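Taking it in order: structure first as structure tokens, then the write-up.
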Amino acid sequence: MTVLAGVIGDPIAQSRSPRLHGHWLHRYGIDGHYVPLHVTPENLQATLRLLPDLGFRGLNCTIPHKEAVFHLADDVTDRARAVQAANTLTFADDGRILADNTDGFGFIANLDQQVPDRDTDAAALVLGAGGAARGIVAALLDAGTPQVTIANRTTTRAAALADLFDGRVTTIDWDEAPAALSDHRLLINTTSLGMTGQPPLHFDLAGLQPDTTVTDIVYAPLTTPLLHDAQLRGAKVADGLGMLLHQAVPGFERWFGHTPTVDDALRRAVLA
Ligand code: NAP
């Protein structure tokens, strides 16, 4: 039987997920379709109840549905609960909806693939405290990161994020972040700064140690000015596209029954 899955969002045209899953479906010869669905917040609940009856095994969820689907789901994974948001839904045979959040998994899997020799015991400096930062901080702690420092423009938002976690997470002012860099061996930009159409990220990397890993979850452009500067200074870098690719693995596995590979062919297909 043809297996169906898709991605819901409002808007949805920008999503690269159909290309990503379509590449895997073709590569593994799976009888399935992955479709983009424009779903508004008003239609969200009805859509979630209807799609399992139409043969859908699950969905990815993008802006603005990530928090709402978490609350509408029947069951949630621990990592979705930690973030209070979901990006991957799976429909059980009886129609129950399982909500998962694979962003943090994707973030760590990307770092492991792009910088396999990085120091996993290193303290991390996280720029930003939005939805993406939440999943990343949770995943860093899960992966054993001994200390996470958050710097965000809006300090109250950074403090609220740190409060969700244990004493390993602290905050500093946005302006203090460059000076704090030398005490960390992992720098992560989770803000939207540096993305095409957004203001640039001005971050002084003078304090960067050569054994530091720098990653940016912005992937348009692929090599952000932050990554470019870090590369010139001899740091190890990981771009943000891999996070997008790896976060898709658990959903594909559950819906289509095959563990897909993240490789250069996939990167080319998604960037084409
Ligand atoms: P969000 O919840 O809206 O958070 C945006 C973050 O950027 C906040 O920390 C915000 O700070 C900061 N920011 C925005 N404009 C700023 C400015 N002018 N100066 C300083 N800080 C500023 O967004 P999100 O969902 O976390 O996503 C953030 C970025 O990550 C987006 O570009 C998104 O496309 C990308 N992303 C990539 C992946 C991937 O798979 N690679 C996954 C998820 C997201 P304030 O709190 O002060 O507003």
In a Gaussian network model over the chain where Cα atoms closer than 10 Å are linked, find which of Ala68, Ala206, Ala133 has the largest mean-square fluctuation.
Ala206
Report, please, the projected area of segment 215-267 averaged over directions, based on the convex hull of its C-alpha atoms, in nm².
4.1 nm²
Label point 7 Å beyond Cα of Asp142 along Cβ direction - residues of segment 86-126 with amide nitrogen under 15 Å:
86-89, 99-112
What helix-only [θ] at 222 nm does the chain give? Using -39500 (n - 2.57) per DSSP H run of at least 4, over all residues, to the nearest 500, the answer is -10000 deg cm²/dmol
Over segment 1-139: Rg over Rh, Cα atoms, Kirkwood Rh:
1.00
Pairwise over distinct Cα atoms, reciprocal of the mean inverse distance: report the Kirkwood radius of the chain in Å, one decimal place.
19.2 Å
Alpha-carbon gyration tensor eigenvalues x 5, square-rooted, for segment 84-167, Å
25, 19, 10
In order through segment 70-79: 3J(HN,Hα) via Karplus (6.51 cos²θ - 1.76 cosθ + 1.60), integer Hz, x for Gly, Pro:
4, 6, 7, 6, 7, 10, 9, 7, 4, 6
Gain in length, Leu232 to Thr156, computed as 0.36 nm per residue apart minus the alpha-carbon separation, to one decimal in nm?
24.0 nm
Which whole-number percent is the relative contact order of the chain (Cα, under 8 Å, 6+ apart)?
17 percent
Please report, in debye to the nearest 20, how large the charge dipole of the chain is about its Cα centre when each Lys and Arg carries +1 at its beta carbon and each Asp and Glu carries -1 there.
540 debye
If you stretched the chain out fully between Ala180 and Glu253, how much longer would it get, using 0.36 nm times the residue separation minus the C-alpha to C-alpha distance?
22.3 nm
On the formula 1/(1 + (r/R0)^6), with r taken between the Cβ atoms of Asn43 and Arg81 and R0 of 35 Å, the FRET efficiency rounded to 0.05 is 0.85
Among trypsin sites (Lys or Arg not before Pro) in segment 183-240, those in a DSSP loop whose Cβ has at most 15 other Cβ atoms within 10 Å are Arg233
So which residue, out of Asn101, Asn152, Asn60, gets the largest mean-square fluctuation from a GNM of the chain using Cα contacts under 10 Å as springs?
Asn152
What ranking do Met243, Met195, Met1 get, fewest neighbouring Cβ atoms within 10 angstrom at the top?
Met1, Met195, Met243
Quick one: Debye curve from the C-alpha atoms of segment 136-272, no solvent, what's log10 I(q)/I(0) at q = 0.10, 0.12, 0.13, 0.14 Å⁻¹?
-0.39, -0.56, -0.65, -0.75
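Just so you know, all these numbers are worked out from the coordinates, no wet-lab data involved. Since the structure is predicted, the reported quantities are computational estimates derived from the model, not experimental observations. Positions of Cβ are backbone-derived with ideal geometry, glycine not excepted, and every protein chain shown enters the neighbour counts.
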